[in-house]
Amino acid sequence: MNSPTSFDAFFLRATGMEPYRYQVRLAEAAALPGAVEVPTGAGKTAAVVLAWLWKRYGAAAESRTATPRRLAICLPMRTLTTQTALAVERWIAALDLVRRPSVHVVMGGDVDDAWLGIPDAECILVGTQDMLLSRALNRGFDQTRYSWPMAFGLLNNDTQWVFDEVQLMGVGATTSAQLDGLRTTLGTMGACRSLWMSATFEPGRITTVDHPHELDVFRLTPSERAELTHLLDASKSISPLPIPDGDDLRAVAAAVVAAHRTDSRTVVVVNTVRRAQDLYLAVRRLAGTTTTALLHSRFRPADRAGVETQVLSRAWHGILVATQVVEAGVDISAATLVTDLAPWPSLVQRFGRCNRYGEFSSGQVLWIDRIGSGAVPYTESELDIARTNLAAAAGAAPNQLAIVPQADTELVLPVLRRRDLIDLFDTTSDLSGADVDVSRFIRNDEETDVFVAWRDWSTAEPSAVRTARDEADTPGEEETAGHEAAGQRRGAPDAKTAQPQRHEKCRVSISDARAFLKILATRRESAWRWDTRVSEWTRVTQAVPGHAWLVSPGAGGYTADIGFSLRSTDAVPPLPPGPAGQPNEGDRDDPHTRLSREETIAEHTDAVFRELVTIADRSPAIGAEERASLLRAARWHDAGKAHPVFQAALHGGTPDPSRLLAKSPRNTRYSRPSFRHEVASALLAMREFPQEFLVPYLIAAHHGKARLVVRARPGETVHPSGDRVILGVRDHDALPATDLGGGVVAAPLVVDLGPFGLGGTNGARGWSARASELRDLYGPFRLALLETLLRAADWRASAEVTTA
């Protein structure tokens, strides 16, 4: 179908509605602004998404080339993520574009990382700040560590970021600003821009040491505000909920039921999950025949989706008890809104869920005062400001709230600094398996999550029990003894037990996860996570944000009606298996070498080379020198697969020197547990291109397991002969001559691991020193993107020959 020739027609085709004038002005501007301040309910998300689509698909050619090819919509709430992704998919389907952008959801328990393999294509990512910001920091939550650099490279190059409802992001807003400033300082390939959106935009939230410049803030003109009068003047009264004590949940529940209007929707927003669960149970007991529902972030996706589908329908009537998950941008409108006292920006967002479209003659907002310990998770100073503003507000209509004076906003600490970002480029874990925790740069500590799945693996063969040596949150001796006994009785999941899949995972706050570990010890249960260092399931002794756990049904802690609860002791029914999740890949595994048929090194290399040419042709920001280095790396990236250890594994035990394989259906585990063929490939490339270190670096990094640091893994020791061993490659190993396709033949090599030593060899600097210099020369963002392009070509070439 032909694309419309005007944005008005483009918007109409996508949404079925005429655009507001401000939406047209935004789309027709030369570039998207730095910030958008538009009242809630006025279509900010549609305005920005369709403006980006228009610039990439409908506008003049110069606009298309100047607009980043990826759109990353970063949201503070999970509910908003689901709703936004569905809306974006509807708009794209209605536009019927010749070359459609793919849409990928990136949120806890529902992560689609397929976009990593298409760096040369338009795509839209819709995700939560936990998932997207952790990926932008090279520590992607709920992502295999070996893919961290790919997400890091793509999100920091050729991407338009949109931070929606920025007033709710806390320290995530600070980090988003610092990343934007550091991209300018360190350089990117292709424009990488940021846009912050809010109904109450406050520049102080994103004015940081590396992002000090003033933004171009897009605001409504008087005539554009007049066009939105029906929304901005929608009647909403404000008054306190008539109860003496906001902590008396029975009294709160009774007042909520009394305030509910028959045949309408009442939304109750409280500040913590525990309070929401308790209030919901109290309301349900008093509601009689009135339908009730509970919505918060601590449900398994299937259970939560059922509630969302029900309550987000405009036909639904009843009482919905929820947490902050509904306060930002969720398309829901209530005749009556009851809310805990919260910081003023949050209250403004919650008020937007009442009489959202002016469909009621009058909406009613009732607020519950919270004092002392009831202020959690907010501070008393934040609530004092909110009380003052509530007293000054004549009503909750947007135009009435706009005249309420607001205090200056202070930057939320801590601030991500340049040194922090540079350190995060190295994705090598320390010898204990620990990583730098980036959660402090993403959300407040108490809001970061782990992901828990309940599954029965009793039929699996027990594997060896290993306990991580991290004493920070290790239970006491008595608890540990019970923990060990439980693990020995039940057995750890077998190495073949699949990792938790999207539909199984329940988000659990880090504080609750720590408490859950202690409760599990008393119940003679354990939590398990996949340990990449040893390619086995290991017992969890510390709650780390972003980690995914398996627990048995008998561990308790969850019910379908109220979600995760430390108080629940009932067995949790496991969910049936879903689509295969990510492979159980560890340092000792190489799943990408398994295909349904044999493929020689030359055949696979030719396919990778072709894919990389296609990707480079579609990536104009890649310079001629970088392109040449990438193509050399593609030609040599698998030369080390000629190593006898690799060939023995792919031939099922006995190598065939006449047929050097890159892929095979007969893979066995390597005879040397930590063997990495890319280490041998890098040594060959260093010999071939001694003055072009970018080539061997990209080759070593193309599986994400040997990047800034190339060192022996735990358990690798010096050979009895005195030869060094690093990642399964030994001094004096012999590699034969190897056909690399394209008329290129790698000469034989006798391995010398000297370049990986701390001091290097023959007067040359060591690997880590040279890799660090390369990072500083290109900048971390650009170097990571070059890694990603080679890896994506390798993935695509492998997929090309894979059969079902």
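The values are calculated or read from the model by the stated rules, or taken from the named source; none is laboratory data. Just so it is clear, the structure is predicted and the values come from calculations on it, not from any experiment. Here Cβ is always computed from backbone atoms with ideal geometry, including for glycine, and neighbour counts include all displayed protein chains. Please note that ligands, DNA and RNA were not included when accessible areas were found on the heavy atoms of the full protein model with its side chains. Shrake-Rupley method; radii C 1.70, N 1.55, O 1.52, S 1.80 Å.
Counting only residues that are surrounded by fewer than 24 Cβ atoms within 10 Å (Cβ to Cβ) and not polar (S, T, N, Q), segment 138-148 holds 3 of them.
Listed here are the helices (runs of 4 or more DSSP H) enclosed by segment 1-118 that have at least 2 residues being touching a strand residue (DSSP E or B) at 6+ places or on another chain (Cβ under 9 Å) and either under 30 Å from Thr448 (Cα atoms) or of a type outside the set (S, T, N, Q) (or both): 21-28, 44-53, 78-95. In contact with a helix residue (DSSP H, G or I) (Cβ under 6 Å, 6 or more places away or on another chain) and open to solvent by 10 Å² or more (accessible area, probe 1.4 Å), is that true of Asp731? In short, no. On the stretch given as segment 259-271, residues that are in contact with a helix residue (DSSP H, G or I) (Cβ under 9 Å, 6 or more places away or on another chain) and either surrounded by fewer than 17 Cβ atoms within 10 Å (Cβ to Cβ) or at pLDDT below 95 (or both) total 1.
Of the strands (runs of 3 or more DSSP E) lying entirely inside segment 445-545, those containing at least 2 residues that are out of contact with any Pro (no Cβ under 8 Å at 6 or more places or on another chain) and either modelled with pLDDT under 50 or under 25 Å from His296 (Cα atoms) (or both) span 506-509. Helices (runs of 4 or more DSSP H) fully within segment 329-421 that include at least 2 residues being out of contact with any Pro (no Cβ under 8 Å at 6 or more places or on another chain) and within 27 Å of Val257 (Cα to Cα): 344-351, 380-392.
In the condition set (1) surrounded by fewer than 21 Cβ atoms within 10 Å (Cβ to Cβ); (2) of a type in the set (Ser, Thr, Tyr); (3) within 28 Å of the chain's Cα centre (by Cα), Thr323 is compliant with all but (1). Candidates Leu295, Leu279: the one that is open to solvent by less than 40 Å² (accessible area, probe 1.4 Å), farther than 19 Å from Gly363 by Cα and modelled with pLDDT under 95 is Leu295.
Of all residues in segment 158-184, those satisfying the criterion of being open to solvent by 10 Å² or more (accessible area, probe 1.4 Å) and touching a Ser or Thr at 6+ places or on another chain (Cβ under 6 Å) are Gln167, Asp180. Just one of the listed residues (Gly372, Gly358, Gly306) is surrounded by 18 or more Cβ atoms within 10 Å (Cβ to Cβ) and at pLDDT below 95, namely Gly358. Is it the case that Asp210 is closer than 30 Å to Gln178 by Cβ, surrounded by fewer than 17 Cβ atoms within 10 Å (Cβ to Cβ) and touching a Gly at 6+ places or on another chain (Cβ under 8 Å)? Judged against the criteria, Asp210 is not a match. Of all residue pairs spaced 6 or more apart or on separate chains, those with beta-carbon atoms under 6 Å, a first member in segment 34-55 that is over 14 Å from Phe10 (Cβ atoms) and a second member that is among the small types (Gly, Ala, Ser) and open to solvent by 10 Å² or more (accessible area, probe 1.4 Å) are Pro39/Ala199; Thr40/Ala199.
Looking across Leu740, Leu758, one residue alone is open to solvent by less than 30 Å² (accessible area, probe 1.4 Å) and either aliphatic (A, V, I, L, M) or modelled with pLDDT under 95 (or both). It is Leu740.
The selection criterion, being out of contact with any strand residue (DSSP E or B) (no Cβ under 6 Å at 6 or more places or on another chain), surrounded by 24 or more Cβ atoms within 10 Å (Cβ to Cβ), in a helix (DSSP H, G or I) and not basic (Lys, Arg), holds for Ala634. Cβ separations smaller than 7 Å between residues 6+ apart or across chains give the following pairs from segment 399-411 residues that are closer than 12 Å to Thr200 by Cα and among the small types (Gly, Ala, Ser) to residues that are at pLDDT 80 or above and open to solvent by 50 Å² or more (accessible area, probe 1.4 Å): Ala407/Ile385. A single member of Thr221, Thr207, Thr174 is hydroxyl-bearing (Ser, Thr, Tyr) and in contact with an Asp or Glu (Cβ under 9 Å, 6 or more places away or on another chain), and it is Thr207.
The residue that is farthest from Ala60 (Cα to Cα), among those in segment 5-39 that are open to solvent by less than 20 Å² (accessible area, probe 1.4 Å) and at pLDDT below 95, is Pro39. Assess whether Ser772 counts as being under 30 Å from Leu182 (Cα atoms), of a type outside the set (A, V, I, L, M, F, W, C), surrounded by fewer than 18 Cβ atoms within 10 Å (Cβ to Cβ) and touching a residue at least 40 places away in the same chain (Cβ under 8 Å). Judged against the criteria, Ser772 is a match.
Yes or no, residue by residue, for (1) at pLDDT 85 or above; (2) of a type in the set (Val, Ile, Thr); (3) over 23 Å from Ala254 (Cα atoms):
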| position | (1), (2), (3) |
| --- | --- |
| Ala334 | yes, no, no |
| Trp367 | yes, no, no |
| Glu382 | yes, no, yes |
| Ile403 | no, yes, yes |
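Any residue that is among the hydroxyl-bearing types (Ser, Thr, Tyr) and more than 28 Å from Phe201 (Cα to Cα) - is there at least one of those in segment 31-40? No, segment 31-40 contains no residue that is among the hydroxyl-bearing types (Ser, Thr, Tyr) and more than 28 Å from Phe201 (Cα to Cα). Looking at Ile118, Ile124, just one residue is open to solvent by less than 10 Å² (accessible area, probe 1.4 Å), at pLDDT 95 or above, touching a helix residue (DSSP H, G or I) at 6+ places or on another chain (Cβ under 8 Å) and not charged (D, E, K, R), and that residue is Ile124.
For segment 669-689, indicate whether the set of residues that are surrounded by fewer than 18 Cβ atoms within 10 Å (Cβ to Cβ), of a type in the set (A, V, I, L, M, F, W, C) and more than 15 Å from Leu727 (Cα to Cα) is non-empty. Yes.
Can you go through Thr84, Thr79 and tell me which one is buried (at least 20 other Cβ atoms within 10 Å of the Cβ) and modelled with pLDDT of 90 or more?
None of the others qualify; the one that does is Thr84.
Taking the listed residues Ala255, Ala199, the one that is small (Gly, Ala, Ser), open to solvent by less than 40 Å² (accessible area, probe 1.4 Å) and modelled with pLDDT of 95 or more is Ala255, with no other qualifying.
Return yes or no: is Val98 under 24 Å from Asp180 (Cβ atoms) and of a type in the set (Val, Ile, Thr)? Here the answer is no, as Val98 does not meet what is asked. The residues of segment 302-328 that are in a loop (DSSP other than H, G, I, E, B) and of a type in the set (S, T, N, Q), listed by number, are Ser313, Thr323. When the test is whether a residue is aliphatic (A, V, I, L, M), more than 22 Å from Asp733 (Cβ to Cβ) and surrounded by fewer than 19 Cβ atoms within 10 Å (Cβ to Cβ), Ala621 passes it.
Test Asp512 against the stated conditions and say whether it is among the acidic types (Asp, Glu), open to solvent by 10 Å² or more (accessible area, probe 1.4 Å) and either under 22 Å from the mean Cα position of the chain (by Cα) or under 27 Å from Thr428 (Cα atoms) (or both). In short, yes.
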